[in-house]
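Shown next, in structure tokens, is the structure this report addresses.
Derivation of every value follows stated rules applied to the coordinates shown; laboratory data play no part. Everything quoted here is computed from the prediction, not taken from an experiment. FYI the Cβ positions are ideal-geometry reconstructions off the backbone, even for glycines, and counts take in every protein chain you see.
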Amino acid sequence: MNDPLPYSPPRIWSPNKESGGRFASINRPVAGPTSEKALPVGVHPLQLYSLGTPNGVKVTIMLEELLAAGHRGAEYDAWLIRIDQGDQFGSGFVEINPNSKIPALVDRSAAAPVHVFESGAILVYLAEKFGAFLPEDGAARARCMSWLFWQMGSGPFLGGGFGHFYAYAPTKIEYAIDRYAMEVKRQLDVLDRRLAESPYVAGDDYTIADMAIWPWYGGLARGELYEAGEFLQVQQYCHVQRWTEQVAARPAVQRGRMVNRTTGDPASQLRERHHASDFDTGTQDKMLPPA
């Protein structure tokens, strides 16, 4: 790894248009819309605007799990938001999520539509709306919420920290990669120790905590996230590995992973989802393997 020349921050920072990187074209230091663009609306009460990143997959897994559990009111339309093309800065999306990040959800089941953004908030909203995957008991609920917020707080170190500097930064910086690799391995150890004690993250039952954590740390454990499995020696976390494959085997998880996905095997992609029958095209050939 080659460190760049020493950098001295200027007295006043300003955007450097010369800075590269995969996401340079969509990064900017201000909020708000850049174009007038209304969002499409489908036939179901729940309208999801997202992309098949780990944060987006959390919500599509939750919706598919709700449907699998018999909650017919969880039928949804999932619209593709192409963040590499700036869809998240359209006026319609910014109205739902002023932070211009996926995923964003609109619940049109009531007279006044409810806008929900931030993946953790969406999971809690849906869990409370349908009374599922979030314990009602005080201690169990607190434990589930604690692990949910653990992921929300830890995820940026894995994604924007390790993932950015390891996979996307135009210059490999040894200090940055070492700093975030250390933290990610510490997080994996935290999770591994917890999963040595119980089958699922929050206890004996599968909850929104698992749905939030699995797309990030399960993907890492399988060597799929940033292709960093060998670098981080993920196989040594045996309890995380056991849990990862246990969750991956769930049919609703397999379906949720397909929705709004734009990379990988075309048979594993369902770019937009508007009805359960959308998964039937190509039958099992379109399903992701459980392991």
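Points worth noting:
- Taking other C-beta atoms within 10 Å as the exposure proxy, S268, S119 rank S268, S119 from fewest upward.
- Among V59, V259, a tally of other beta-carbon atoms within 10 Å of each Cβ gives an order, fewest to most, of V259, V59.
- Residues of the stretch 33-52 with amide N under 13 Å of the 7 Å Cα→Cβ point at H275: 43-44
- Debye log10 I(q)/I(0) at q = 0.10, 0.12 Å⁻¹ for the stretch 38-152, Cα point scatterers: -0.29, -0.42
- Proximal aspartates and glutamates relative to K185, as straight alpha-carbon distance under 20 Å, when same-chain residues fewer than 8 apart are discounted: E174, E197, D210, E224, E227, E230, E245
- FRET efficiency estimate (nearest 0.05) - Cβ-Cβ, V43 to Q233, R0 45 angstrom: 0.40
- Alpha carbon centroid spacing (whole Å) that separates the stretch 209-230 from the stretch 255-280: 19
- Estimated at 0.36 nm per residue, the fully extended path between S198 and R72 surpasses their Cα-Cα distance by 42.3 nm.
- Placing unit charges on each Cβ (+1 for Lys and Arg, -1 for Asp and Glu) gives the chain a dipole about its Cα centre, and among I26, Q241, Q187 the Cα reaching farthest toward its positive end belongs to I26.
- Of the residues G56, G120, G73, the one that moves most in a GNM of the chain with alpha-carbon contacts below 10 Å is G73.
- The simple spin-label model puts a point 7 Å past each Cα toward its Cβ; for Y175 and A121 those points are separated by 3.5 nm.
- Over the stretch 138-250, relative contact order from alpha-carbon pairs under 8 Å, at least 6 apart, %: 27
- Here the contact order of the chain, divided by its residue count and restricted to Cα pairs under 8 Å and six or more residues apart, works out to 22 percent.
- The GluC sites (Glu not before Pro) of the stretch 127-222 that DSSP puts in a loop, and whose beta carbon has at most 14 other beta carbons within 10 Å, are E136, E197.
- Long-range tail of P(r) for the stretch 22-97 (Cα pairs > 19 Å, %): 43
- Each residue in T281, T53 was given a count of other beta-carbon atoms within 10 angstrom of its own, and listing them fewest first yields T281, T53.
- When you restrict to C-alpha pairs under 8 Å that are six or more residues apart and normalise by the size of the stretch 78-205, the relative contact order lands at 13 percent.
- Chymotrypsin sites (Phe, Trp or Tyr not before Pro), loop per DSSP, at most 16 other Cβ atoms within 10 Å - longest free stretch of the chain: 24-291
- Per residue Cα convex hull volume in Å³ - calculated over the stretch 138-250: 87
- Qualifying trypsin sites (Lys or Arg not before Pro) in the stretch 131-198, DSSP loop, other Cβ atoms within 10 Å at most 16: K172
- Fully extending the segment from R141 to S109 would add 8.9 nm, taking 0.36 nm per residue of separation and subtracting the current Cα-Cα distance.
- Stokes-Einstein D for the chain, Kirkwood Rh over Cα pairs, 25 °C, 0.890 mPa s (µm²/s): 122
- Just so you know, the Rg over Rh for the stretch 82-203 is 1.05, from Cα atoms, with Rh as the Kirkwood radius.
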